[in-house]
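The values are calculated or read from the model by the stated rules, or taken from the named source; none is laboratory data. Model, not experiment: these values are computed from the prediction. As a convention, Cβ positions derive from the backbone with ideal geometry for all residues, glycine included, and neighbour counts pool all protein chains shown.
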Amino acid sequence: MNLTVNLTNASYDIIFERSGIGHIDAYWGKGEKTFILTDSGVPEIYSRKVASCCKDAYIHTIPQGEASKEIKYLLEIWQKMCEYSLTRTDRIIAVGGGVVGDIAGLAAATYMRGIKFYNIPTTVLSQVDSSVGGKTAIDFEGYKNIIGAFHQPSGVLIDADTIKTLPKRQISNGLAEAVKMAATHDEELFKRFENADYEDMAQIESLLRDAVNIKREVVQRDEKELGERKALNFGHTLAHALESTLAFDELYHGECVSLGMKVMCSGEVRTRLEKIFDKLSLPSEFPVSPDSLIDICRHDKKCSGDDITIVYVDKIGSFELRKITFSQFADYIKGVSEI
Ligand SMILES: NC(=O)c1ccc[n+]([C@@H]2O[C@H](COP(=O)([O-])OP(=O)(O)OC[C@H]3O[C@@H](n4cnc5c(N)ncnc54)[C@H](O)[C@@H]3O)[C@@H](O)[C@H]2O)c1
Ligand SMILES: [Zn+2]
């Protein structure tokens, strides 16, 4: 069953269909010109299948990895869009993970002041989180997602078959974000994560769909992240600090988020999170000591101000936004503060 994201100025469907990438024209038409963005790690067959459903398609491939979310690649994309004579009524389709979706979305938001953007997320993380909500971005000057825009997609297609080619570690990485949705919003879904068999793709698919539904509801209530949507940053303050310091791909985004969540919650919640993370083989230890982590945060633009707003989960299915000082934040990291 598909989901509709109802927003003030735009609504779009999230289509769930196995093998759906082979007939996207049934949903989105053949279009005139379609600029397809993918990366070198995404099996080529996916973008070729999408292209075969379009009247006239151009596939542009960027190198895989976070390093491609850079201005250099955005410039290259703009250049190719101009060369391909893409017009205001044409469209961009992203076929890939969060990296491809984020930069393609920003290209769509900026080219000719905004053209249609469709997203076909092919990683668990992008299916459950980044493809829904309209946040687009690139990294700049060492800061993640610091240049970006809100640009809602015109449609999202989640084809569960595409995740069959993902390594297990990438599946767990994405599921960490799905656990985050349940931890902050839905205890029943959280229990399903606790009891799930992660070898069973059908179970994973059903968990993903219900987690996406939470994201959809939150985005509908708070499109521009002025309030409730901040809850989806649970685990992210520390995750961003970690990501800014670790070597490329030492830990993936969802892995850092799983570590971050364990710090910003009560002991009872931590125990329950850890059981799920163990099943998913997510990292159990911080790769740096609490003192170095505090030091990293002190130098991180996003958490070095006087006050930091963190998301705290005291009880599964709920959250609090807490405004705390940096020294209180350091206490959380050292594990001394719980309330
Ligand atoms: N916009 C948002 O709201 C939002 C939310 C969360 C995360 N993000 C962003 O998402 C990015 C991370 O996304 P990600 O985890 O999807 O990483 P990613 O896009 O780098 O994909 C991970 C790897 O998997 C490969 N891949 C993609 N699909 C595949 C498939 N089906 N089979 C085999 N390999 C495949 C890619 O080539 C890449 O090497 C980060 O840049 C993060 O900032 C954005
Ligand atoms: Zn995230």
Could you run through the stretch 237-263 and say how many residues are buried (at least 20 other Cβ atoms within 10 Å of the Cβ) and touching a residue at least 60 places away in the same chain (Cβ under 8 Å)? 13
Where the second residue is surrounded by 16 or more Cβ atoms within 10 Å (Cβ to Cβ) and acidic (D, E) and the first is outside any strand (DSSP E or B) and lies in the stretch 53-72, which pairs have Cβ atoms under 8 Å and are six or more apart or on separate chains? P63/D39; Q64/D39; G65/D39; E66/D139; S68/D39; K69/D102; K69/D139; E70/D139
Residues within the stretch 53-77 that are in contact with a Phe, Trp or Tyr (Cβ under 8 Å, 6 or more places away or on another chain), loosely packed, with under 15 Cβ neighbours inside 10 Å and over 18 Å from S126 (Cβ atoms), tallied: 1
Residue match in the stretch 266-277 (condition: in contact with a strand residue (DSSP E or B) (Cβ under 8 Å, 6 or more places away or on another chain), among the β-branched types (V, I, T) and outside the structural domain of I15 (by TED's automatic domain parsing)): yes
Which residues, taken from the stretch 235-284, are within 11 Å of ligand 2 (Cβ to nearest atom) and assigned to a loop (DSSP other than H, G, I, E, B)? G235, Y252
Residue ID - nearest to S131 (Cα to Cα), chosen from residues in the stretch 1-31 that are among the polar types (S, T, N, Q) and touching a helix residue (DSSP H, G or I) at 6+ places or on another chain (Cβ under 7 Å): N6
Checking the structure you have, find out if any residue of the stretch 143-154 is near ligand 1 (Cβ under 7 Å from one of its atoms) and of a type in the set (V, I, T). no
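Is one or more of the residues making up the stretch 251-261 in contact with a helix residue (DSSP H, G or I) (Cβ under 7 Å, 6 or more places away or on another chain), within 15 Å of ligand 1 (Cβ to nearest atom), among the polar types (S, T, N, Q) and at pLDDT below 95?
So far as the stretch 251-261 goes, no, none of its residues is in contact with a helix residue (DSSP H, G or I) (Cβ under 7 Å, 6 or more places away or on another chain), within 15 Å of ligand 1 (Cβ to nearest atom), among the polar types (S, T, N, Q) and at pLDDT below 95.
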Options I294, I308, I316; residue that is in contact (Cβ under 8 Å) with a residue 40 or more places away in the chain, surrounded by 15 or more Cβ atoms within 10 Å (Cβ to Cβ) and part of a loop (DSSP other than H, G, I, E, B): I316
Scan the stretch 37-52 residue by residue and report those that are loosely packed, with under 13 Cβ neighbours inside 10 Å and part of a helix (DSSP H, G or I). E44, I45
